[in-house]
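Scroll down for the structure; my scribbles are underneath it.
The values are calculated or read from the model by the stated rules, or taken from the named source; none is laboratory data. Source: prediction; values computed, not measured. Note that each Cβ is placed from the backbone with ideal geometry, even for glycine, and that neighbours are counted across all protein chains shown. Ligands, DNA and RNA are excluded from the accessible area calculation, which covers all protein heavy atoms including side chains. Shrake-Rupley method; radii C 1.70, N 1.55, O 1.52, S 1.80 Å.
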Amino acid sequence: MRQLILLTIFITMQSLWAATIYQPQPKNVFIVDNFEDADLSMFPQWWGFDNIKLTTESNVQSEHPAIGTRAIQLTGPHKNWYVGGCGTYFAQDMSNYNAIKLLIRGYGKKSGVLMVELFDDDNKNYEVEVHPDNNSETLADDKFIHSIKVDWEGWKVVIIPFTHFVDGNLGIGDDTWNPYQKDQSGGLLQMQLILLASSKTQKPKIRIDTIKIYNQGPMPIKKKKEEAYEDEDSFDDFF
């Protein structure tokens, strides 16, 4: 079983910590990371767990007009399809946002499956605590998930509306998407990216460039369960 990795931040330090990591930010956009500093240990810090091999790699600029010079790469051996994952803590108010946008590079039909996990603060302590009876679950906070099957070659812009995330731990937390910093809540506390294999024989590998949370405006109707909104032409606001 994979471990739920925690990054514990005291409430009294949270505002200063978040401001230090994520300033300055563009107007009306929260950039989680663009990986241009080639450093996963700070600004922000990413932690890896289980069999994940986590690195930053140079991009080939001609492959897509929206990519930067570097991206994060996730790969590693799988056991029963599961590899591992990575995460980062940010504790932000998501009142003004409705979607996540990622640039994802695939390496063919069996690149892997990326699961995006979002944790909101339901017990108002700015922490995500491990459940004492199950170390892959939380004690008191919601976990919302969305899976992306990466089965393409090259870069693709993927937009995931918040409405496409589903509750991954029913009965824990308040089972409500409310990542807002009000009533002493820390809002959206952290994100985790989980890598799964889509082939018994092929080692999964994907790259991710800029990850940002923003307001996309009106969203298209969700056609199928767990289907991301993929928009090849919607990359102007990456610049």
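Picking from residues in the range 43-77 that are among the hydroxyl-bearing types (Ser, Thr, Tyr) and surrounded by fewer than 18 Cβ atoms within 10 Å (Cβ to Cβ), the one that is nearest to Gly87 (Cα to Cα) is Thr55. Considering only the range 126-138, I want to know if a residue exists there that is modelled with pLDDT under 95, open to solvent by 40 Å² or more (accessible area, probe 1.4 Å), within 29 Å of Phe43 (Cβ to Cβ) and not acidic (Asp, Glu). Taking every residue of the range 126-138 in turn, at least one turns out to be modelled with pLDDT under 95, open to solvent by 40 Å² or more (accessible area, probe 1.4 Å), within 29 Å of Phe43 (Cβ to Cβ) and not acidic (Asp, Glu). Inclusion of Val166 among residues that are surrounded by fewer than 18 Cβ atoms within 10 Å (Cβ to Cβ) and under 15 Å from the mean Cα position of the chain (by Cα) is warranted. Residues of the range 97-112 that are under 18 Å from the mean Cα position of the chain (by Cα) and either of a type outside the set (Ser, Thr, Tyr) or open to solvent by 30 Å² or more (accessible area, probe 1.4 Å) (or both): Tyr97, Asn98, Ala99, Ile100, Lys101, Leu102, Leu103, Ile104, Arg105, Gly106, Gly112.
The residues listed here are Asp209, Asp237; of these, the one that is outside any loop (DSSP other than H, G, I, E, B), touching a strand residue (DSSP E or B) at 6+ places or on another chain (Cβ under 8 Å), modelled with pLDDT under 95 and not hydrophobic (A, V, I, L, M, F, W, C) is Asp237. Of all residues in the range 164-189, exactly one satisfies the criterion of being among the polar types (S, T, N, Q) and touching a helix residue (DSSP H, G or I) at 6+ places or on another chain (Cβ under 9 Å), namely Gln184. Within the range 41-65, can you find the residues that are among the hydrophobic types (A, V, I, L, M, F, W, C) and touching a residue at least 40 places away in the same chain (Cβ under 8 Å)? Trp46, Trp47, Phe49, Ile52, listed by residue number.
Only one of the numbered conditions (1) within 22 Å of Pro44 (Cα to Cα); (2) open to solvent by less than 50 Å² (accessible area, probe 1.4 Å); (3) touching a strand residue (DSSP E or B) at 6+ places or on another chain (Cβ under 8 Å); (4) touching a residue at least 60 places away in the same chain (Cβ under 8 Å) is violated by Gln181, and that is (2).
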